[in-house]
Amino acid sequence: MSPNSDSILSQELSRRTALKALFGAASAAVLFGLPARAHAAEASKETTDKLNAAQAQLDEVQAQLDSIANEYAALANKNAQTLNDIENVQGKIDDTQAQIDEKKAELKKKRNDLSDRVAASYKSGGTNILSLLLASGSFEELVANAHYVEKINKSDRDAIEDIQTIQEELDAQKTELESQKADLEKLKDQQTAQMQDMQAKQQEVQTVLNGLSDDVKELMAQRDSEILAAAQAEEAARKAAAAAAAANKNNSYSGGSSSGGGSYAPGTPQQNAGSGKQQAVVNACYSTPSPGQNWCAAWVTNVFRNAGVGYFGGNACDMFNAWCYSSNRSALQVGMIVADSSHSGTGTPGLLYGHVGIYVGGGIVMSNEGAITSRSLDSFIGFYGTGSGVRWGWLGGIALS
């Protein structure tokens with residue numbers, strides 16, 4: 001969604017304003033040029049009542065659509081927080097695994113040292129310890145040397161036990177973190193399903209809204225036609241009355257044609273009508289034209305198809321939910337899609353569908369905002385990251401690098 005299209009979107013979404021404008025323009029076109037008394041002409045009460053009822057129903061459905069958009073935006077924000085939580089827990093899991101690996105290595109070394117010492121003592125027949133004890137010059141020295149030997153053995157055992165305890169604690173911590181991540185993944189899937197249900201509901205309401213809009217337009221045309229017919233009838237009656245008055249005033253009138261002129265026939269108003277694959281994607285970004293306003297995901301699909309990577313359908317939030325997994329800038333690579341699932345900057349379409357572009361390198365993201373634009377990553381995040389946040393990943397899970 002383009003940030004430069006706020007006024008267009010607001011007009012498009014506020015059908016009430018648009019239809020009222022249409023009514024004003026149509027009425028002016030229909031009645032232009034009629035005599036001053038034509039303003040008294042009215043449509044039938046049946047048509048007027050039907051139009052008012054249709055307009056009220058349209059306003060009600062539009063309010064329902066706006067409510068769905070707001071609910072979707074709130075859920076998209078919760079989903080973004082869940083994604084952040086998953087990313088944070090995964091970081092903790094990685095850190096814990098690194099500590100486990102470190103303790104395993106330390107435990108292995110301690111055991112190897114103890115094993116080597118026992119083996120060396122065995123090979124020498126235990127003479128080292130025995131010599132140490134026999135070399136004692138007194139009973140007190142013998143007790144001290146025996147205590148020293150026991151202390152060495154106990155120190156080794158304690159060190160091994162401590163490492164084993166720490167490793168067990170880390171294993172338990174990792175298990176707990178993996179359980180948290182599984183719960184978060186389940187929550188993410190539930191939220192994604194809810195957003196998809198909301199989109200389906202939105203499409204149903206939009207279909208109803210479009211039908212109501214057509215009904216209102218037809219009733220407005222019918223009303224204007226009735227107003228025009230009534231105005232023409234009034235004008236014909238006025239001319240006939242004027243002609244009769246002139247005839248009565250002229251006593252010499254002998255049935256000749258009056259000087260009233262031809263009948264008035266107003267005109268009908270007219271409507272104005274990095275790698276080879278990465279480079280291929282970048283090249284396609286510059287050569288693929290815009291498919292039109294609000295079709296950001298369609299442009300991305302066309303770019304990847306033109307680059308020979310493959311066909312991937314769906315809207316921006318579909319791509320975000322399926323393929324955008326990271327907000328770590330060090331993980332961003334040329335050819336990745338950069339997207340959000342909901343933002344407020346472009347009205348209801350942005351709240352419901354988000355926006356998607358393609359990273360072309362050099363800190364630049366290209367996207368379809370009505371025209372194909374190039375934004376800095378910071379600018380892209382600053383504008384489209386106001387709702388669910390911006391993330392990136394390989395479209396279709398296909399790594400191009």
Of the residues in the stretch 209-224, how many are open to solvent by 40 Å² or more (accessible area, probe 1.4 Å) and more than 14 Å from ALA56 (Cβ to Cβ)?
6
Residue set GLY256, GLY313, GLY262, GLY308; condition part of a loop (DSSP other than H, G, I, E, B), at pLDDT 65 or above, loosely packed, with under 11 Cβ neighbours inside 10 Å and of a type in the set (Gly, Ala, Ser); output residue GLY313
Across the stretch 224-243, which residue is modelled with the highest pLDDT among those that are among the acidic types (Asp, Glu) and within 18 Å of LEU51 (Cβ to Cβ)?
GLU226
Quick one: which of GLU178, GLU204, GLU168, GLU185 is at pLDDT 80 or above, among the charged types (D, E, K, R) and open to solvent by 90 Å² or more (accessible area, probe 1.4 Å)?
GLU168
Filter result (more than 18 Å from GLY393 (Cα to Cα) and open to solvent by less than 20 Å² (accessible area, probe 1.4 Å)) within the stretch 350-367:
GLY350, LEU352
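Which ones in the stretch 342-354 are of a type outside the set (Ser, Thr, Tyr) and over 15 Å from MET195 (Cβ atoms)? Quick ask: steps written out before the conclusion?
Looking only at the stretch 342-354, we keep the residues that are of a type outside the set (Ser, Thr, Tyr), and these are 343, 345, 347, 349-352, 354.
Selection gives GLY345, GLY347.
The values are calculated or read from the model by the stated rules, or taken from the named source; none is laboratory data. Nothing here was measured: the structure is a model prediction, and the numbers come from that model. Cβ: placed from backbone, ideal geometry, glycine included. Neighbour counts: every protein chain shown. SASA here: full protein model, heavy atoms, side chains in, ligands and nucleic acids out. Shrake-Rupley method; radii C 1.70, N 1.55, O 1.52, S 1.80 Å.
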